[in-house]
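Peer 1: This is the structure I want to talk about, given as structure tokens.
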Amino acid sequence: GCGEKKTDTVDSGTQVNDDNGSNADSQEDINDTEDTDSEDEQEDVADKALKVSMVTDTGGINDQSFNQLAWAGLEKAQKDLGITAEFLESTQEADYAPNLETLYDQDNDLIWGIGYLMADAVLDAAKTNPDRKYAIIDNAYTEEQEAPDNLLGVTFSEQEPSFLVGYIAGKMTKTNNVGFVGGMEFDVIWRFESGYRAGVKTANPDAEIQIQYVNDFGDTAKGKAIANGMYQNGADIIFHAAGFSGTGVIESAVENGKLVIGVDQDQKVILGKDEIITSAVKKVDQAIYNVVKELQEGKWEGGSNINLGLADGAVGIADTSVDSVPQDILDEVKQLEQDIIDKKITVPATREEYDELYSE
Amino acid sequence: MHNIDYKTKVIEMKNITKKFGKLVANDNINLTVYKGEVHALLGENGAGKSTLMNQLYGMIEPTSGEIYINGKKINITNPNIAIKNGIGMVHQHFMLVQPFTVVENIILGNEITNHGILDMKKAKEEIIKLSEKYSLYVNPDDKIQDITVGMQQRVEILKALYRGADILILDEPTSVLTPQEIQELVHIMDNLTKEGKSVIIITHKLKEIKQVADNCTIIRRGKPIDTVKVDEVTEEDLASKMVGREVTFVVPKEDHETSDVVLSIDNITVKDNRGLIAVDGLSLEVKKGEILGIAGVDGNGQNELVEAITGLRKIEKGHVKVNGKDVTNLSPRKIIDNKVSTIPQDRQKVGLVLDFTVYENMILENFHNEPFSKRGVLQKDEIIKNAKKLIEKFDIRPDDEKLLVKSLSGGNQQKVIIAREIMNHPDLLIATQPTRGLDVGAIEYVHKELIKQRNQDKAILLISLELDEVMNVSDRIAVIYEGKINYIVDAKEATETELGFEMAGGKK
Amino acid sequence: MEKKKILSSTVKMTLLSILLGLIITAIILLAAGYNPLEIYAVIVKGVFSKPKYISYTIIRATPLILTGISVAFAFKTGLFNIGAEGQFIIGTIVASMAGYFFNLPIVIHPIVVMILAIVFGGLYGSIIGLLKAKFGIHEVITSIMLNWIALYAHNAVINIPGFFARTNKAHPIKESASIVFLDRFKNSDSGKEWLINHQAIRDILKSPVNYGIIIAIIVAVVIWFILNKTTLGYRLRAVGYNKFAAEYGGINVKRNIVTSMFISGSVSGLAGALMIMGVSKGITTLSAMEGYGLDGIGVALIAGNSPISCIFSGIFFGALKYGGTKIQAKPIEAPKEIINIMIGTIIFFVAIPRIVNVFRRIRDRKGVTE
Amino acid sequence: MNSIGFILGTTLMYSTPLIYTSLGGVISEKSGVVNIGLEGMMTMGAFIGATVGYYSGIWWLGLICAGIGAGLLALLHAVASVTLGAEQVVSGIAINFLGPGLSLFLCRKFFDGKFMTKSISLENKIPKLFKGVFPEYSVLDNIFNQEVTVYLAFLLAIIMWFVLYKTRAGLRVRAIGEHPEAADTLGINVQKVRYICVITSGILSGFGGAAMSLAVASNFFPTLISGQGFIALAAMIFGKYKPQGALGACLIFGAAQALVVFLGGKNLAVPLDVLSMIPYILTLVILMGFIGKSVAPAADGEPYIKE
Ligand SMILES: Nc1ncnc2c1ncn2[C@@H]1O[C@H](COP(=O)(O)OP(=O)(O)OP(=O)(O)O)[C@@H](O)[C@H]1O
Ligand SMILES: Nc1ncnc2c1ncn2[C@@H]1O[C@H](COP(=O)(O)OP(=O)(O)OP(=O)(O)O)[C@@H](O)[C@H]1O
Ligand SMILES: [Mg+2]
Ligand SMILES: [Mg+2]
């Protein structure tokens, strides 16, 4: 992978705000890294420009989460690598397959499906069209559903950045009480939850952790109500992994004058709320960018899954953390990061693992 | 009769023509009404009477023609203009808001307010004053849905008077009133004319015209036929001018032997929609070959009685037998299957599916029977054949079974029901207000048909608010009062006075 | 003669509504800086330019035709079924479970699944009828509530042990329950090899072409037959038009409300089953309503509540929805919301039969002044 | 935590947008025009409220513009159903396609191709009354420290009740909903009153949407109003087409949602999906058990066109 660096782009916030559409700041890293060689490459491949595209899941292109980030990655690749990129949004589950097919007909070389919900559709498309390459975000194909050579599964170790933000929360809480609001209950969100809880406990074994799920990624009111309850119950920091329901969590933090931790991208940059002390960032954009770039260079890891974590620089905490998190804590986080990369710390990825590792 | 000021023309309608598409509803009609006059409009169903009056009241605009009020030409484009010019109208179909109270209905559009807030107390006082002045007694706080049709009529008249109407249009005001109520209305009209007000009255009842009107304008199929001084003509003259042929008023009826009891009602109790007792221990028998007429003022349990017999309303106590079989509280289906047919009071709401064709309506109770259906599949050929037969036999016009029933005239709609009910070959035929709103020609037809059925040994229960109808058609007459029948008399021995007395609850 | 004239006039009216809808949408698009002709061309090409696009359109249309018929049927009997969404979901649940848990031979398996979906969709629909008949609760309230209940039930069912396959997914149905055309053949090695050499056929078979459309057409005919040719249909329509008259005519109105909602619900349930057996093969966690019910209302309304017309209006809807996704791609890159604006505008004009009178009046008036 | 206060406060938060929209439904249907397009109008209001709120930084301007925008959508419905005698259900459904369609389309125009508006800062959101008046998280604070829109919703319900049942205007509206022809014969302009009512209905739905995007949330996005317009519609019928009834029904529904949130924090052994069903099941149970038949105004849904 690329991008060992993560703390050196402190200035990105302001730039991103007026950028259109693609405003995850991590792409600015990429910019820094790739600036030099991208230009001449662009000229080289101009005649046979790679065509890459993506299909969103039903969350749509501005879901504040992986779809939005994925598109940011492709736009970046378009700008820097001279590929052409396009996307199709899905409204219903039934749109996945036809959308993938439409992009196939548009002669795309690599087609991304975004989100675990598209796993079957992407697998089907890859099997029927061995002449094209497919990739998916947030799904790893198992033996049961073996991926052909033209298909790549990309997943992230969400528990790792969650652990880091959990640690920050555990350190920063004044009430010894923090919260976690999940969108819906399934393993990706459980990874966020488990990592976060582990992080909190590592920082502050006495801290109480309130956990509640919205059972919806789009119910802002419910997200807000749950957060209101948690703050009332004494929490002073909440981490959410709840999509648009999380918008309500952040709203609650703002209204209650409490702290909150964002998810997927640097939500402080997106929403401009100072109450967001940090975010557990999942650099879908960067992952996509890297895969595209490698493909352009003739490298393709199809037929397998790649899991990206701190070691790949594909997850982490938001750059804007420096605004709100004391430097000493950030230093500790930096150390923890290294420890995780060095496998000195195992971050639980499931509730079972958490119970095993952290039960008193 | 009345004190008419023939020098003052309050209304002059000149050369009024009204077209609805191709239909010419009013064809060059002239009408003059003088101060203090009661002027009658007479014509068959669909002759164009209501249409003419609706133009005077601004509900619709004439295609051509002019209207003068008190000598001034007025362009009456909406009811407000009519109201301002002293015209009030009581519509054929009452224009009352059912869940509103009497006061609310009267003041609507002309509310007494205080900065937009209703002053109900003052309104009530005014209405009580007004109702006393014209002897139109109402209870201001009653809801319209709870009061009798006669009462509703009063409210309608009060509405007009409340607006200071000098010219009152009454569109078929008596078709739903009891004899007593009609007499009251006559008094009211007399009172109004005494005050110098004028009345235009539309009615199918020639007797009333003779009694109350000074002049009468007759319309046939949209065309003006004549305007006559009522004193100078007979009822027969009026009728033939209206229909264009001779009309018999009293249907010839020979005696007929009665035999077995078909309907036997034993001491039944039925509640109304509000849960109050409406039929109170009523007993009755109808035999084969007789018409039993039930006379009574509206709201004395007639509707509930019919609904109870036909299975639409629960019988709390007592029994109903048809041909000796107990049918108490059976489903409407089962009761129909026991050879009971009904001509319902409200033909549009209950008797017909207006959006069905004529042929579909003809099988409303029979659609699931052979030959109209086999194994659950409708047999369209049979159904059409049946409809064609009935259309011809009952002279339903136009003779097109594929028309939607709602496009038929009221009279023809009624014929569809009668045809259907008679086709079912019932043993018991219940006829509720079978001639309501029909013109004399159509009434004659219905009466003949009822007697024909009786002559074919059917038992017929006739329920009507028209005392004349009950007296002309029935073999025996029962009077219903407050849900009970206390008086049954042979029709030949019945007198109007006596029946009227019983209908008002008089005790012997 | 008379009937034919009426029919063709409603068809004309609908076509006029569609035309007006397209014109208004074009104006909106122009105002927003898009070239409407280009967009319409992309949609048309996206639907018709390849046989496989047509098959995708039909696949997209199949559930819409059925939920459309479901809503139309209820309308014809005087009921407003906004609950098609929920009944559809119930159909998918039942089909997914029956398709996975049952071991049945091909042909029999899909039939059993369909029957179960019809029954359960119908039962779910009849709850609406029952609450209306017994407690007088307005069907709109019940429908809305039951839609949400179905949504959550759907998500709950996925987690049943033994049924849960992996994250957010229940086990897919067995192959024997598939109604995809040549499903086994096209996934077999020999089939694949054969198809590689027969690109045209391969192209069509790439989409999950399935028997659903045939079933939808059969259902349309059956429902049309029930409504217009049977005593049951007579009863239901009579109640729909005038329940007092129906009751007076000996028809049990309450029973009919339940019957009607059962039939309506069963058609939506079947739509869900076809979706599972023909396209998605199993249920997946829903994060929101997918809108088959609301779209079904649109389909029914454009079809003037005629079950047969629902076939055409469903295909039209499906074409807009499928072709509409393509306007997002290069080179147009227009937002897909345009499709909803277009559908809304068309339905709006469908609502106004008098629009023709308005035109006529304007024309007449001109005629008079001239 | 004080549970009662929390539940009541959450109830108010949930109910408020519904109350506006539901009241909108009441006024339209009382005048005899079925308005199934509440969802579409609410979405439009939410979008416009958030957009104007964001660009102007003035919440009340956002609120007013939300009313105007949704009112314009309602005007379409009025033209169709009052002037052109349209099938009102059909036209309402059209509004439900148009409202969200237009909102998202315009949103992408105004916000760089995104279907999410930018977030409004706390100061520019609809302000809360009694902020800091009561001790933090006390029962009183939970209940009374609410946005202006919450109070306004109750006020509007009272005003609408008063107008409908105590004033000339209300008498006329109700008369038109029951028997438009009767009102017409008394010189009341049926069309005009219906226009006013339908447009008011749109304005109120717009407020409902803005109460969502300017108070509960601070921006607009596609799932913000997903089905709430329909819930408001159901509440309107549940409340027997009366403002006080609609208010009550919305509160009951909000309370049920609050209960779900409350119980969700209690680590019960109940699956989340089952918990989430509670408000919907509860509504049906209440309807079955306690509420009698809800009868629409007699002329509801029937076009009234002369000649
Ligand atoms: N708004 C309308 N549109 C079309 N035709 C109409 C309309 N109003 C009345 N007509 C037709 O005009 C003719 C006259 O109707 P009108 O109501 O004036 O009759 P009428 O004399 O009052 O009859 P009745 O004694 O039954 O009340 C009838 O054929 C009727 O069907
Ligand atoms: N909703 C209903 N209301 C009243 N009666 C009904 C209703 N449904 C069925 N029935 C009656 O129940 C009996 C059997 O119903 P079914 O639907 O089988 O009748 P059918 O097939 O139309 O006619 P048949 O039983 O003569 O073949 C019939 O007498 C029918 O009229
Ligand atoms: Mg008349
Ligand atoms: Mg049968």
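The values are calculated or read from the model by the stated rules, or taken from the named source; none is laboratory data. These numbers were taken from a predicted model, which means no experiment stands behind them. Neighbour counts run over all protein chains shown; Cβ positions are idealised from the backbone, glycine included. Areas reflect the complete protein model, heavy atoms only, side chains present, ligands, DNA and RNA absent. Shrake-Rupley method; radii C 1.70, N 1.55, O 1.52, S 1.80 Å.
Peer 1: What length, rounded to one decimal in nm, is gained on full extension from A:Lys343 through to A:Ile211, with 0.36 nm per residue of separation minus their alpha-carbon distance?
Peer 2: 44.8 nm
Peer 1: Using DSSP, restrict attention to beta bridges with both residues in chain A and report what percent are antiparallel, rounded to the nearest 5.
Peer 2: Looking only at bridges with both residues in chain A, the antiparallel portion is about 5 percent.
Peer 1: Give the carbon-plus-sulfur fraction of the accessible surface of chain B in %, rounded to a whole number; probe 1.4 Å, heavy atoms of protein chains only.
Peer 2: With neighbouring chains kept in place, the figure for chain B is 47 percent.
Peer 1: Which ³J(HN,Hα) values, rounded to whole Hz and listed in residue order, are derived for the range B:430-435 from phi using the Karplus coefficients 6.51, -1.76 and 1.60 in 6.51 cos²θ - 1.76 cosθ + 1.60 with θ = phi - 60°, glycine and proline given as x?
Peer 2: The phi angles translate into 9, 10, 9, 6, x, 10 Hz.
Peer 1: Which angle from 0 to 90°, rounded to the nearest 10, does the C-alpha axis of helix B:120-133 make with the longest principal axis of chain B?
Peer 2: 90
Peer 1: If you place +1 on the Cβ of every Lys and Arg and -1 on the Cβ of every Asp and Glu, how big does the dipole about the Cα centre of chain A come out, in debye to the nearest 20?
Peer 2: Once rounded to the nearest 20, the dipole reads 1180 debye.
Peer 1: What FRET efficiency comes out for A:Thr84 versus B:Lys388 if R0 is 51 angstrom and r is the Cβ-Cβ distance? Round to the nearest 0.05.
Peer 2: Between A:Thr84 and B:Lys388 the formula returns 0.10.
Peer 1: Here's another thing I want to ask about it. Select from B:Ile277, B:Ser464, B:Ile343 the residue farthest towards the positive end of the dipole of chain B; place +1 on Cβ of Lys and Arg, -1 on Cβ of Asp and Glu, and compute about the Cα centre.
Peer 2: Sorting the options by dipole projection puts first B:Ile343.
Peer 1: Show me the trypsin sites (Lys or Arg not before Pro) within the range B:1-105 that DSSP assigns to loop and that have at most 16 other Cβ atoms within 10 Å of their Cβ.
Peer 2: B:Lys22
Peer 1: Another one. Heavy atoms only, probe 1.4 Å: what % of the accessible area of chain D goes to carbon and sulfur, would you let me know?
Peer 2: Its accessible area is 70 percent carbon and sulfur atoms.
Peer 1: Among A:Trp190, C:Val44, D:Gly37, whose Cα projects farthest towards the positive end of the dipole of the protein assembly as shown, with charges put on the beta-carbon of Lys, Arg (+1) and Asp, Glu (-1)?
Peer 2: Result: D:Gly37.
Peer 1: What size of dipole, in debye to the nearest 20, comes out for chain D about its Cα centre when the only charges are +1 on Lys and Arg C-beta atoms and -1 on Asp and Glu C-beta atoms?
Peer 2: 360
Peer 1: How large is the Kirkwood hydrodynamic radius of the range B:306-399, in angstrom, based on all distinct alpha carbon pairs?
Peer 2: Mean inverse Cα-Cα distance, inverted, gives 15.0 Å.
Peer 1: Taking chain C as a Gaussian network, where each spring joins two C-alpha atoms under 10 Å apart, which residue of C:Leu79, C:Leu301, C:Leu286 fluctuates the most?
Peer 2: C:Leu286
Peer 1: Using alpha-carbon pairs under 8 Å, 6+ residues apart, how would you state the relative contact order of the range C:106-215 in percent?
Peer 2: 24
Peer 1: Let me ask something else about it. So what is the relative contact order of chain C, in percent, for Cα pairs below 8 Å that sit 6 or more residues apart?
Peer 2: Taking the mean separation of contacting Cα pairs over the length of chain C, I get 36 percent.
Peer 1: Once phi is turned into θ = phi - 60°, what whole-Hz ³J(HN,Hα) does the Karplus curve with 6.51, -1.76 and 1.60 give for every residue of the range C:273-287, x standing for Gly and Pro?
Peer 2: With the stated coefficients, the range C:273-287 comes to 5, 5, 4, 5, 6, x, 10, 8, 6, x, 8, 10, 3, 9, 8 Hz.
Peer 1: Which entries in the list A:Lys48/A:Lys76; C:Lys50/C:Lys206; B:Lys22/B:Lys73 go over 23 Å, if you measure between the two C-alpha atoms of each?
Peer 2: In this structure, B:Lys22/B:Lys73 lie more than 23 Å apart at Cα.
Peer 1: List the trypsin sites (Lys or Arg not before Pro) within the range B:184-264 that fall in a DSSP loop (any state other than H, G, I, E or B) and whose Cβ has at most 12 other Cβ atoms within 10 Å.
Peer 2: Of the trypsin sites (Lys or Arg not before Pro), the ones in loops of the range B:184-264 whose Cβ has at most 12 other Cβ atoms within 10 Å are B:Arg245.
Peer 1: Can you pull the one-decimal nm distance between simple spin-label points at B:Arg245 and D:Ile4, each 7 Å off the Cα toward Cβ?
Peer 2: Taking the two extended label points, one gets 8.3 nm.
Peer 1: Over all alpha-carbon pairs of chain D, lay out the pair-distance distribution in 20 Å bins, whole %, shortest bin first.
Peer 2: 34, 56, 10, 0
Peer 1: Could I ask something else about it? 7 Å from Cα along Cα→Cβ at both D:Ile196 and D:Leu129: what's the point-to-point distance in nm?
Peer 2: That separation, rounded to one decimal, is 2.7 nm.
Peer 1: Scan around B:Asp226 for amide H atoms under 5 Å from its own, H built in the peptide plane at 1.01 Å from N, and keep only partners 5 or more places away or cross-chain.
Peer 2: B:Ile218
Peer 1: Hey, what's the range B:348-425 come to in accessible area per residue, 1.4 Å probe, Å²?
Peer 2: Per-residue accessible area for the range B:348-425 comes out at 45 Å².
Peer 1: Under a Cβ-Cβ cut-off of 9 Å, what is the net charge of the residues other than B:Asn30 that fall near it, where Lys and Arg count +1 and Asp and Glu count -1?
Peer 2: 0
Peer 1: Still on this model: With a cut-off of 8 Å between alpha carbons and a minimum separation of six or more residues, what is the relative contact order of the range C:45-134 in percent?
Peer 2: Answer for the range C:45-134 is 21 percent.
Peer 1: Given the Cα-Cα distance of B:Asn267 and B:Tyr6 and 0.36 nm per residue of separation, how much length would full extension add, in nm?
Peer 2: Answer, rounded to one decimal: 88.1 nm.
Peer 1: Then there's this: Taking every eigenvalue of the Cα gyration tensor of the range B:5-243, multiplying by 5 and rooting it, what semi-axes result, largest first, whole Å?
Peer 2: 29, 20, 17
Peer 1: Please list, short to long, the whole-number percent of alpha-carbon pairs of the range B:348-425 in consecutive 5 angstrom bins beginning at zero.
Peer 2: 3, 18, 31, 27, 15, 5, 1, 0
Peer 1: Here's a follow-up. Taking the DSSP beta bridges in chain B as the whole, what percent of them are antiparallel, to the nearest 5?
Peer 2: 60
Peer 1: Per residue of B:378-385, how many C-beta atoms from partner chains lie within 10 Å of its own C-beta, taken as a mean?
Peer 2: Per residue, the average neighbour count from other chains is 1.
Peer 1: Take every residue in peptide C:145-155, count the Cβ atoms of other chains within 10 Å of its Cβ, and give the average of those counts.
Peer 2: Neighbouring Cβ atoms belonging to other protein chains average 6 per residue here.
Peer 1: Separate question: When averaged across all projection directions, what area in nm² does the alpha-carbon convex hull of chain B cover?
Peer 2: 25.5
Peer 1: Okay, next question. Output the pairs from B:Lys14/B:Lys49; A:Lys201/A:Lys268; B:Lys207/B:Lys393 with a Cα-Cα distance over 21 Å in this structure; if there are none, say none.
Peer 2: A:Lys201/A:Lys268; B:Lys207/B:Lys393
Peer 1: Counting only chymotrypsin sites (Phe, Trp or Tyr not before Pro) that sit in a DSSP loop (anything but H, G, I, E, B) with at most 16 other Cβ atoms within 10 Å, what is the longest stretch of chain D containing none of them?
Peer 2: D:131-289
Peer 1: Rg and Dmax of chain C, Cα atoms, in Å?
Peer 2: In Å, with Rg to one decimal and Dmax whole: 22.1, 79.
Peer 1: With each label point set 7 Å from Cα along the Cα-Cβ vector, what nm distance links B:Thr227 and B:Glu496?
Peer 2: The modelled label-to-label distance comes out at 2.9 nm.
Peer 1: How large is the dipole of the range C:199-313 about the Cα centre if only Lys and Arg carry +1 and Asp and Glu carry -1, each at its Cβ, rounded to the nearest 20 debye?
Peer 2: Roughly 300 debye, rounded to the nearest 20.
Peer 1: If you don't mind, another one. So what's the Cα pair-distance distribution over the protein assembly as shown, bin width 10 Å, in %?
Peer 2: Reading upward from the zero bin: 1, 7, 14, 18, 18, 14, 10, 8, 6, 3, 1, 0, 0.
Peer 1: Give me the tail of P(r) for the range C:175-235 as a percent: Cα-Cα pairs with distance above 17 Å.
Peer 2: 56
Peer 1: Summarise the partner chain shielding of C:50-60 as one whole number: the mean count of Cβ atoms from other chains within 10 Å of each residue's Cβ.
Peer 2: What the average comes to for C:50-60 is 2.
Peer 1: Karplus couplings for the range D:160-174 from phi (6.51 cos²θ - 1.76 cosθ + 1.60, θ = phi - 60°), rounded to Hz, Gly and Pro as x?
Peer 2: 5, 4, 4, 4, 5, 9, 10, 10, 4, 4, x, 4, 5, 4, 5
Peer 1: Of all trypsin sites (Lys or Arg not before Pro) in the range A:116-181, which ones are in loop regions per DSSP and have a Cβ with at most 10 other Cβ atoms within 10 Å?
Peer 2: Counting only loop positions with at most 10 other Cβ atoms within 10 Å, the trypsin sites (Lys or Arg not before Pro) in the range A:116-181 are A:Lys174.
Peer 1: Which entries in the list C:Lys326/D:Lys109; A:Lys174/A:Lys334; B:Lys402/D:Lys30 go over 30 Å, if you measure between the two C-alpha atoms of each?
Peer 2: Over 30 Å apart, Cα to Cα: B:Lys402/D:Lys30.
Peer 1: Ignoring the sites themselves, what is the longest stretch of chain B with no chymotrypsin sites (Phe, Trp or Tyr not before Pro) in a DSSP loop and at most 15 other beta-carbon atoms within 10 Å?
Peer 2: Formally, the longest exposed-site-free interval is B:250-508.
Peer 1: Rank C:Gly293, B:Thr203, C:Asn159 by how far each Cα sits towards the positive end of the charge dipole of the protein assembly as shown (+1 on Lys, Arg Cβ; -1 on Asp, Glu Cβ) and give me just the farthest.
Peer 2: B:Thr203
Peer 1: If R0 is 22 Å, what FRET efficiency do you get for D:Glu136 and A:Asn233 from their C-beta distance, rounded to 0.05?
Peer 2: About 0.95, to the nearest 0.05.
Peer 1: A follow-up question, please. For B:Gly281, which sequence-distant residues (separation of 5 or more, or a different chain) have an amide H within less than 5 Å of its own amide H, given hydrogens modelled in the peptide plane?
Peer 2: Sorted by chain and number, the residues that satisfy this are B:Ile268, B:Thr269, B:Val270.
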